[in-house]
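Report on the structure given below.
The values are calculated or read from the model by the stated rules, or taken from the named source; none is laboratory data. Computed from a prediction, not measured in an experiment: that's the story for all the values here. With ideal geometry, Cβ positions are generated from the backbone for all residues, glycine too; neighbour counts draw on all protein chains shown.
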Amino acid sequence: MIVDSDKDEKRKVEINSESGFNALKEVLQFKVVYWGPGESGKTTNYFRLREKFDAVKLNKGYSIETTDGRTLWQDSIRLSFYFNLKEVKFNIITQIVTATGQERFLSTREYVLDGADGVVFVADSDPEKMEQNKRSFRELSSFTHDKGIPYVIQLNKRDLENAVSLEDFKAGLGLPKTDEFDDGAPVVYPTVALKGDSVRRCFEDLMLQIIFNYFYN
Ligand SMILES: Nc1nc2c(ncn2[C@@H]2O[C@H](COP(=O)(O)OP(=O)(O)OP(=O)(O)O)[C@@H](O)[C@H]2O)c(=O)[nH]1
Ligand SMILES: [Mg+2]
């Protein structure tokens with residue numbers, strides 16, 4: 001049974017009678033959006049997460065693509081995790097969606113971003129994609145401006161031979177030169193989504209930020 005515990009629709013209290021006693025469990029629902037320029041690897045991140053979190057997925061998930069494998073609308077899946085905080089067991093239900101990077105579908109991107117609790121910005125290491133990285137990052141900032149939505153920045157395709165250097169990438173996006181922010185979080189997560197490298201860590205770090213933001217902001 002699920003009943004509303006307060007006015008906040010993200011937060012519900014679930015009362016379940018398991019093994020003869022009533023366990024009280026809080027349920028929190030979040031939405032994470034993968035955002036970035038066209039073909040930077042958002043859908044690849046999504047597929048790798050779906051594999052890695054296979055045991056905790058709530059639905060099969062779906063991908064809506066054009067015939068050439070580009071995202072038309074979005075990819076989406078829901079996962080269920082447990083998280084203990086101050087002796088309360090929370091059930092965290094997270095919907096993961098990827099926005100399309102294609103310029104011509106700008107309006108759908110804004111819609112996909114609606115209600116996001118956190119964003120993974122997926123940038124492309126191809127030096128020729130630097131302008132697109134910058135444009136997409138500016139676009140994201142304009143949508144999330146003033147909303148204080150937590151985000152992490154992923155620099156994908158680190159396996160490319162001519163991959164842009166981390167320094168040039170940070171300078172291009174106007175990011176701090178340091179490796180980490182004051183709270184110890186990496187400024188940029190280098191990934192190879194194709195192989196699944198660091199995809200899960202990047203997602204889990206964002207989830208912690210989202211949960212922290214929810215309780216303390
Ligand atoms: N070399 C390399 N290629 C990658 C990596 N990640 C993704 N790709 C390739 O990049 C291409 C685009 O990947 P997608 O995941 O479809 O990109 P997307 O960001 O979802 O693209 P749109 O939905 O069209 O915006 C595919 O051919 C992937 O195989 C990576 O880490 N390294
Ligand atoms: Mg895609």
Filter the stretch 151-163 down to residues that are surrounded by 22 or more Cβ atoms within 10 Å (Cβ to Cβ) and out of contact with any Phe, Trp or Tyr (no Cβ under 8 Å at 6 or more places or on another chain) and give me whichever is farthest from Ser198 (Cα to Cα). Lys157
Report, by residue number, each residue of the stretch 168-197 that is assigned to a loop (DSSP other than H, G, I, E, B), touching a residue at least 12 places away in the same chain (Cβ under 8 Å) and of a type in the set (Gly, Ala, Ser). Ala185, Ala193, Gly196
Which members of the stretch 75-99 meet the condition of being of a type in the set (Asp, Glu) and not in a strand (DSSP E or B)? Glu87
Looking at (1) without any contact (Cβ under 8 Å) to a residue 40 or more places away in the chain; (2) more than 16 Å from ligand 2 (Cβ to nearest atom); (3) aliphatic (A, V, I, L, M); (4) within 29 Å of Phe215 (Cα to Cα), which one does Leu85 not meet, given that it meets all the others? (1)
Residues to consider are Thr43, Thr94, Thr66; find the one that is within 12 Å of ligand 2 (Cβ to nearest atom) and either at pLDDT 90 or above or surrounded by 21 or more Cβ atoms within 10 Å (Cβ to Cβ) (or both). Thr43
Between a first residue in the stretch 111-126 that is among the aromatic types (Phe, Trp, Tyr) and a second residue that is surrounded by fewer than 23 Cβ atoms within 10 Å (Cβ to Cβ), which pairs have beta carbons less than 7 Å apart while being 6 or more apart in sequence or on different chains? Phe121/Phe137; Phe121/Leu140; Phe121/Tyr151; Phe121/Ile153
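Could you please let me know if Leu140 is aliphatic (A, V, I, L, M), within 15 Å of ligand 1 (Cβ to nearest atom) and surrounded by fewer than 16 Cβ atoms within 10 Å (Cβ to Cβ)? Working first, answer last.
On the way: aliphatic (A, V, I, L, M): yes; within 15 Å of ligand 1 (Cβ to nearest atom): yes; surrounded by fewer than 16 Cβ atoms within 10 Å (Cβ to Cβ): no.
Against the criterion (aliphatic (A, V, I, L, M), within 15 Å of ligand 1 (Cβ to nearest atom) and surrounded by fewer than 16 Cβ atoms within 10 Å (Cβ to Cβ)), Leu140 does not qualify.
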Do the conditions hold for Val112, that is, is it of a type outside the set (Asp, Glu), in a helix (DSSP H, G or I), within 14 Å of ligand 2 (Cβ to nearest atom) and out of contact with any Lys or Arg (no Cβ under 6 Å at 6 or more places or on another chain)? yes
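Select from the stretch 12-28 the residues that are under 21 Å from Arg201 (Cα atoms) and either at pLDDT 95 or above or surrounded by fewer than 11 Cβ atoms within 10 Å (Cβ to Cβ) (or both) and list them in ascending order.
Here is the first cut: in the stretch 12-28, the ones under 21 Å from Arg201 (Cα atoms) are 28.
Those that are under 21 Å from Arg201 (Cα atoms) and either at pLDDT 95 or above or surrounded by fewer than 11 Cβ atoms within 10 Å (Cβ to Cβ) (or both): none in the stretch 12-28.
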State whether one or more residues within the stretch 46-58 are within 12 Å of ligand 1 (Cβ to nearest atom) and out of contact with any helix residue (DSSP H, G or I) (no Cβ under 7 Å at 6 or more places or on another chain). yes
